[in-house]
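The values are calculated or read from the model by the stated rules, or taken from the named source; none is laboratory data. Since the model is a prediction, treat every value here as computed from it, not as a measurement. Cβ: placed from backbone, ideal geometry, glycine included. Neighbour counts: every protein chain shown.
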Amino acid sequence: MFTRILTSALFAGAAAGLITALLQLYFVQPVLLHAELYEGGDLVHFGAQELAPAVQELGGFDAVRDGLSIIFTMLIYAGYALVLVALMSVAEERGASINGRSGLIWGVCGFIAVHFAPGLSLAPEVPGVAAADITARQIWWGATVLAAAIAMWLIAFGQSWTAWGAAVVLLLAPHVVGAPQPDVFTGPVPTELGALFAARAFGIGLAAWVMLGGFAGYFWSRDETA
Amino acid sequence: MTTQTVAVKSTSRISAAILAVAFGIGIVAITGHVQAAALHDAAHDVRHATGFPCH
């Protein structure tokens, strides 16, 4: 059984991770590199005598840096796939139908749990932003992902208003408590770049998770005889 | 299939699932969250793009 989970997860994670890495390199990386010019002080936005043009020469594909990004993206989504496929196997045993189509919905729920829910209060960070202590943010991030993941399960498989009510509480609580925020704002990056970065990170994240869920469901159902 | 084999199958599925979840969380933690300098630098762009807390 573990082998079946492992095989489906690695195939799904590698495929979704590779496509996601390419999407990120095309849509997210240029915004990040542009922001780094402000982070490093090569460009100045606030208080500058003359504003820098909004279009900058950012350099092309960097084999080492971008190659590492591709490998790490595939690793991260393989890790997520292991969790996703394991939960799919448990759900299937409880009567849920798992295939490529239902996997798409699993993917959307995965995106909400690990990307959108924490990102609602800890927005995807463009380089250079002010932020609270990293450990505090990581703890809040982990707790929020866990709460949102349980909430997604309760919404999907809960059978009573108690379960659905608990899901709503789990989704809201981390944001009512509040994420760790910096004491002062020091970000040197134009807000236009910060907003575009967050929007792109969410958009590519949704695409990544829909692919991951679809692939995971597909490979899992194909491997049924194993 | 007897009740006993169903129960055994179910237990093995649950333990396999728990093992896979542990592996998965381990991989995401190491690639996405551990702050060791080498890992942080190598995964820097991905951590930002994936919305993880970075730095």
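Do we have residue B:14 as part of a helix (DSSP H, G or I), at pLDDT 95 or above, touching a helix residue (DSSP H, G or I) at 6+ places or on another chain (Cβ under 9 Å) and facing chain A (nearest Cβ under 9 Å) here?
Details: part of a helix (DSSP H, G or I): yes; at pLDDT 95 or above: no; touching a helix residue (DSSP H, G or I) at 6+ places or on another chain (Cβ under 9 Å): yes; facing chain A (nearest Cβ under 9 Å): yes.
Taking the combined requirement at face value, the residue does not satisfy it.
Can you confirm whether the stretch A:129-137 contains a residue that is assigned to a helix (DSSP H, G or I), without any contact (Cβ under 8 Å) to a residue 24 or more places away in the chain and within 17 Å of the chain's Cα centre (by Cα)? Show your work before the answer.
Of the stretch A:129-137, the ones assigned to a helix (DSSP H, G or I) are A:134-137.
Still in the list and also without any contact (Cβ under 8 Å) to a residue 24 or more places away in the chain: A:134-135.
Next cut, within 17 Å of the chain's Cα centre (by Cα) only: none.
No, that holds for no residue.
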Restrict the check to the stretch A:73-82 and report whether at least one residue is more than 8 Å from chain B (Cβ to nearest Cβ) and part of a helix (DSSP H, G or I).
yes
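Here is a yes/no grid of residues against (1) farther than 20 Å from residue A:10 by Cα; (2) more than 8 Å from chain A (Cβ to nearest Cβ); (3) outside any helix (DSSP H, G or I); (4) at pLDDT 95 or above:
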| residue | (1), (2), (3), (4) |
| --- | --- |
| B:6 | yes, yes, no, no |
| B:10 | yes, no, no, no |
| B:23 | no, no, no, yes |
| B:35 | yes, no, yes, no |
| B:39 | yes, yes, no, no |
| B:42 | yes, no, no, no |
| B:48 | yes, no, no, no |
Restricting to the stretch A:97-136, name every residue that is more than 10 Å from chain B (Cβ to nearest Cβ) and modelled with pLDDT under 95.
A:130
How many residues does the stretch A:138-168 contain that are assigned to a helix (DSSP H, G or I), free of Cβ contacts under 8 Å to residues at least 12 places away in the same chain and surrounded by 13 or more Cβ atoms within 10 Å (Cβ to Cβ)?
6
Subset tally (residues that are within 30 Å of residue B:28 (Cα to Cα) and part of a loop (DSSP other than H, G, I, E, B)) for the stretch A:11-60:
5
Being more than 19 Å from residue A:153 (Cα to Cα) and surrounded by 19 or more Cβ atoms within 10 Å (Cβ to Cβ) narrows A:46, A:61, A:72 down to just A:72
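Output the number of residues of the stretch A:184-226 satisfying the condition of being outside any helix (DSSP H, G or I) and free of Cβ contacts under 8 Å to residues at least 40 places away in the same chain.
First pass over the stretch A:184-226, keeping only residues outside any helix (DSSP H, G or I): A:184-190, A:223-226.
Now narrow it down to the ones that are free of Cβ contacts under 8 Å to residues at least 40 places away in the same chain: A:224-225.
Within the stretch A:184-226, residues that are outside any helix (DSSP H, G or I) and free of Cβ contacts under 8 Å to residues at least 40 places away in the same chain number 2.
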